[in-house]
Amino acid sequence: MRIVDIRVDPATDIVRIHVTTAHPELSEQVAATLLREVNRFNIERRRTRASAERQFSERQREQAADEMEV
């Protein structure tokens, strides 16, 4: 028997978490903890991506400004 089942729908990126234990309260706590961690991961990934995009844009802007000065 699986206690935790996590599936991601590749078409929508929706994460489905199903937790089954002998104690419904424990199942709920485990599922809530997993959901918090998935959200934390997604937020950190977005921040990292946004930072990389900002750095790229800044380099592109600086390069364009340098080319205009020449």
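Please state the relative contact order of the chain as a whole percent: Cα pairs under 8 Å, 6+ residues apart?
Details: 33 pairs, mean separation 11.8, N = 70.
Result for the chain is 17 percent.
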Helix 24-69 vs. the chain, principal-axis angle (Cα, 0 to 90°, nearest 10): 10
Using the alpha-carbon centroid of each, what span in Å lies between region 39-70 and region 11-33? 36
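From the P(r) of the chain, could you give the percentage of C-alpha pairs in the tail past 19 Å? Provide the component values of the computation, followed by the final result.
On the way: 1396 of 2415 pairs.
When every Cα pair of the chain is considered, 58 percent fall beyond 19 Å.
Readers should treat all values here as calculations from the given coordinates under stated rules, not as data from a laboratory. Remember, it's a predicted structure, so these values are computed and weren't measured experimentally.
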